[in-house]
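Just so it is clear, none of the values below were taken in a lab; they were calculated from the coordinates. Please read all numbers here as calculations on a predicted model, not as lab measurements. All Cβ positions, even for glycine, are placed from backbone atoms using ideal geometry, and neighbour counts span all protein chains on display.
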Amino acid sequence: MRKVVFSMLVDNTSGVLSRIAGLFSRRGYNIDSLTVGVTADPRYSRATVVAKGDRTILEQIEKQLSKLVDVIDIKRLEPESSICRELIMIKLKVNEENRQSIISVANIFRAKIVDVSKESLLIELTGNQSKIEAFIDLLNGYEILELARTGITGLSRGVFDVKMYDEDGQLMDYDFS
């Protein structure tokens, strides 16, 4: 099985997320990760979907997603030509004995401590999935009180496949040189 990250430009209208999720559930496909947020142009949102499957299933998912009315553009984010990141927030139980060692682990990963109390630390970390997993693994011996992950979001590198749309939603010829 292969994992693929699909980045979609979609209309920023109600029901888009439901239609995307519905496509997966109707066909029995699993969504590993799904993130959606408005773009610089408020008419559109960027949806990032991570799915696993064999080549045939992943091609079918891409074809079905591209058929959705709200999907303006869809592309696969290949690891060598894109940047993908995830955010994790993790709250750990701390005491005088382990506080400094947890802070040291956070510093190694360039994580931010965003909240401190006498009994807990809340740490924020952004990175690729392997960095996030390595961080969680190193914190395995400590008591994790709460953990939240955003899921993957990403963009392709450079400007070679950037598409710009005018006020009417028409694809524009855009010269980035």
Seminar exercise, completed: Exactly one of 120, 130, 104 is in contact with a strand residue (DSSP E or B) (Cβ under 6 Å, 6 or more places away or on another chain), free of Cβ contacts under 8 Å to residues at least 40 places away in the same chain and not charged (D, E, K, R), and that one is 120
For this session: Name every residue in segment 1-25 that is over 18 Å from residue 79 (Cβ atoms) and among the basic types (Lys, Arg), in order of residue number.
Result: 19
For this session: Would you mind listing the strands (runs of 3 or more DSSP E) fully within segment 51-119 where at least 3 residues are over 20 Å from residue 136 (Cβ atoms) and within 21 Å of the chain's Cα centre (by Cα)?
Result: 71-76
For this session: Pull up segment 133-153, narrow it to residues that are acidic (Asp, Glu) and free of Cβ contacts under 8 Å to residues at least 12 places away in the same chain, then point me to the one that is surrounded by the fewest Cβ atoms within 10 Å (Cβ to Cβ).
Result: 137
